[in-house]
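The values are calculated or read from the model by the stated rules, or taken from the named source; none is laboratory data. Only a predicted model underlies this, so the values are computations on that prediction, with no experimental measurement involved. All Cβ positions, even for glycine, are placed from backbone atoms using ideal geometry, and neighbour counts span all protein chains on display. Ligands, DNA and RNA are excluded from the accessible area calculation, which covers all protein heavy atoms including side chains. Shrake-Rupley method; radii C 1.70, N 1.55, O 1.52, S 1.80 Å.
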Amino acid sequence: MNLAAGLAKIGQRVLVVDLDPQGNATMGSGIDKRALAHSVYDVLLEATTVAEARQRAEASGYDVLGANRELAGAEVELVELERREQRLKTALAPVDKEYDFILIDCPPSLSMLTLNGLCSAHGVVVPMQCEYFALEGLTDLVNTIKQIHANLNADLQIIGLLRVMFDPRITLQQQVSEQLKAHFGEKVFDTVIPRNVRLAEAPSYGMPGVVFDSASKGAQAFIDFAKEMVKRVGTMR
């Protein structure tokens, strides 16, 4: 949400695809997931199109393809269908040229929904806290991305690693941050998102932190990240 709002602030056309049944990106963008006439669930089952299902997050300046609890059922239904891992990619193709960035928010597990997201994407941004267990999980994720790159989506690559909820006063976080830079080098974004109360408060008001308090340290960090993201993706194309 904050990356989308940051990109919108610097003039980019953005669509956020919420692929998580919890619908946090939908609600946090100011769209009531309980009142969706059409959601990403309907799009995956080809009952509607992205153009019909998307909504405008007016305050934030980007479009949202929303999700709600219905999406949890898509896991089971997709297993039976043809091209099950390519459904989202096919659905996004007609609107692809309308946006500079399509951001896909995936659930935190390797499911059929995440697989659809990774098969649709050109790259992955990995937000991670600088803690030990996050470092362990990162290895598994990198291996998964390599497998999908080899077997399902040759365009897929890691765009970069984003250090989030960072507190420079904690020695462990500094150590993990240094390990990340040593191991992944230029793949680690220069921008660091600090631990910030205003970012944490913003979703309860139905808006990204970048919109809720644009002067806060967290919001400024996300705008810097958006600028870095545009520059990095520009060099990839």
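Quick check for you: with a 1.4 Å probe and neighbouring chains kept, what is the accessible area per residue of the stretch 152-237, in Å²? Let's see the in-between values first.
Numbers: 4730 Å² over 86 residues.
Using a 1.4 Å probe on heavy atoms only, each residue of the stretch 152-237 averages 55 Å².
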Excluding ligands and nucleic acids, what accessible area in Å² is computed for Ile145 using a 1.4 Å probe, to the nearest 10? 10 Å²
Is the shape of the stretch 1-116 rounded, prolate or oblate, going by the alpha carbon gyration tensor and its root eigenvalues a ≥ b ≥ c, with a/c under 1.5 for rounded and a/b larger than b/c for prolate? prolate
Heavy-atom accessible surface of the stretch 47-148: percent carbon and sulfur, 1.4 Å: 53 percent
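Using the Cα centre as the reference, give the magnitude of the dipole from point charges on the C-beta atoms of the stretch 81-237 (Lys, Arg: +1; Asp, Glu: -1; all else neutral), rounded to the nearest 20 debye. Please list the in-between numbers first.
Numbers: 17 positive and 18 negative charges, 37 e Å.
Dipole about the Cα centre, nearest 20: 180 debye.
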In the chain the DSSP beta bridges are antiparallel at a rate, in percent to nearest 5, of 15 percent
Descending accessible area (1.4 Å probe), largest on the left, turns His149, His183, His122 into His183, His122, His149
Proximal lysines to Lys187, defined as alpha-carbon separation beneath 29 angstrom and excluding residues fewer than eight positions away on the same chain: Lys9, Lys89, Lys97, Lys146, Lys217, Lys227, Lys231
Between Val79 and Gln147, what is the label-to-label distance in nm when each label sits 7 Å out along the Cα-to-Cβ direction? 1.7 nm
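Counting only helical runs of four or more DSSP H residues, what would the 222 nm mean residue ellipticity of the chain come to if each run contributes -39,500 (n - 2.57) and the total is spread over all its residues? Don't jump to the answer; show the numbers that get you there.
Working: 12 runs with 109 residues, N = 237.
Computed mean residue ellipticity for the chain: -13000 deg cm²/dmol.
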Charge dipole of the stretch 33-125 about the Cα centre (unit charges at C-beta), most positive-ward option of Leu88, Thr114, Ser60: Ser60
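Take the Cα radius of gyration of the chain and divide it by 2.2 N^0.38 Å, with N its residue count; two decimals is plenty. Walk me through the numbers before you get to the answer.
Working: Rg = 17.4 Å, N = 237, 2.2 N^0.38 = 17.6 Å.
Rg over 2.2 N^0.38 Å, computed on Cα atoms: 0.99.
State the percent of C-alpha pairs, over all pairs in the stretch 106-222, separated by a distance greater than 20 angstrom.
50 percent
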